[in-house]
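For reference, the structure discussed in these notes is given below.
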Amino acid sequence: MKSRSTVLLVLLILLTLDVSGRGDRWRLEAEGGVVIPGYNTVQVPNPGGTRFSLRNDLTTDSRAYLRLRLSWRIARRHELSVLYAPLSLDAAGVLPGEVIFNDNRFAPDTAVTALYRFNSYRLTWRWHWVRAPKLDLWVGFTAKIRDAEIRVQSTEQAAFTDNVGFVPLLHARLVWRWSACAGLIVEADAAAAKQGRAEDVAAIFFWKPAKGRASLRAGYRFVEGGADVEQVYNFAFIGYLFAGVAVHF
């Protein structure tokens, strides 16, 4: 309930900002909506632990979320942006069998709660590669810092694994303007390696009045990926339904 209130408050503040002044070097984007959990398979350590699902063996609740991005046009064809994207999901249920998680043994039929946290902080540079009357294409790179934790807890014990790490990603952003006021944005951060993969892809419909510096948007995003290393096996798919606002100043 607190998360939903925060999302609504931020969107309301941005919509009521005085953005009548000239200038378009800065853009603040706020995105809020509901997280729809998909598959989320965990094994800690890998090997040695028990592979189980936070979605199928337990029940993971949907919840509200908020993302914020601030972009700065540093030159005619170059842009920098920073992204704050916290994510935290709660799960609960009764284990169908024995689970060994990070050297802790949870007996069958044990009632547990679980936390899946995957906060993301990103710095993106992009270059305006294609410039056309109705189409823009940006390409670049993203430096991502992930702050991840998986925690399993019963009434008798708790076990967790956490990790803070750096992930380099390729970046692309396509803007297709159907008219002077409406269009579609498709943006992605993605990379793959032997140890794992990461994708964050969004389709965003936007509407911008002919006069004014704020645009409304809505769309769908998915985040997918994970790691298959000695310390942990974890792959997850998470969907997002959202609405938001972008303010140019």
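Read-outs: derived from the displayed coordinates by stated rules, not from any lab. A quick note: this is a predicted structure, and the numbers were derived from the prediction, not measured. Virtual Cβ from ideal backbone geometry, glycine too; neighbours counted across all protein chains shown.
When +1 charges are put on Lys and Arg Cβ atoms and -1 charges on Asp and Glu Cβ atoms, the dipole computed for the stretch 56-97 relative to its Cα centre reaches about 580 debye. Close amide H contacts of ARG63 (hydrogens built in the peptide plane, cut-off under 5 Å, sequence separation of 5 or more or a different chain): VAL35.
With a cut-off of 8 Å between alpha carbons and a minimum separation of six or more residues, what is the relative contact order of the chain in percent? Show your work: numbers first, answer last.
Numbers: 682 pairs, mean separation 51.9, N = 249.
Averaging sequence separation for qualifying contacts and normalising by length gives 21 percent for the chain.
Farthest towards the positive end of the charge dipole of the chain, among the residues PRO86, THR161, PHE237, is the Cα of PRO86, using unit charges on the Cβ of Lys, Arg, Asp and Glu. The charge dipole of the stretch 24-92, taken about the Cα centre with unit charges on the Cβ atoms of Lys, Arg (+1) and Asp, Glu (-1), comes to about 440 debye, rounded to the nearest 20. Taking other C-beta atoms within 10 Å as the exposure proxy, ASP90, ASP162 rank ASP162, ASP90 from fewest upward.
When the Gaussian network model of the chain links Cα atoms closer than 10 Å, the mean-square fluctuations of SER88, SER53, SER154 top out at SER154. Sorted fewest first by neighbouring Cβ atoms within 10 angstrom, ILE238, ILE145, ILE185 come out as ILE145, ILE185, ILE238.
Each residue of the stretch 219-235 was assigned a 3J(HN,Hα) from its phi angle through the Karplus expression (A = 6.51, B = -1.76, C = 1.60, θ = phi - 60°), giving x, 9, 10, 9, 10, 9, x, x, 9, 10, 10, 5, 6, 7, 10, 7, 10 Hz with x at Gly and Pro. For the stretch 164-211, the Cβ-based charge dipole about the Cα centre amounts to some 200 debye (Lys, Arg positive; Asp, Glu negative; other atoms uncharged). With respect to the chain, whose longest principal axis is taken over its alpha-carbon atoms, helix 2-15 is tilted by about 10°.
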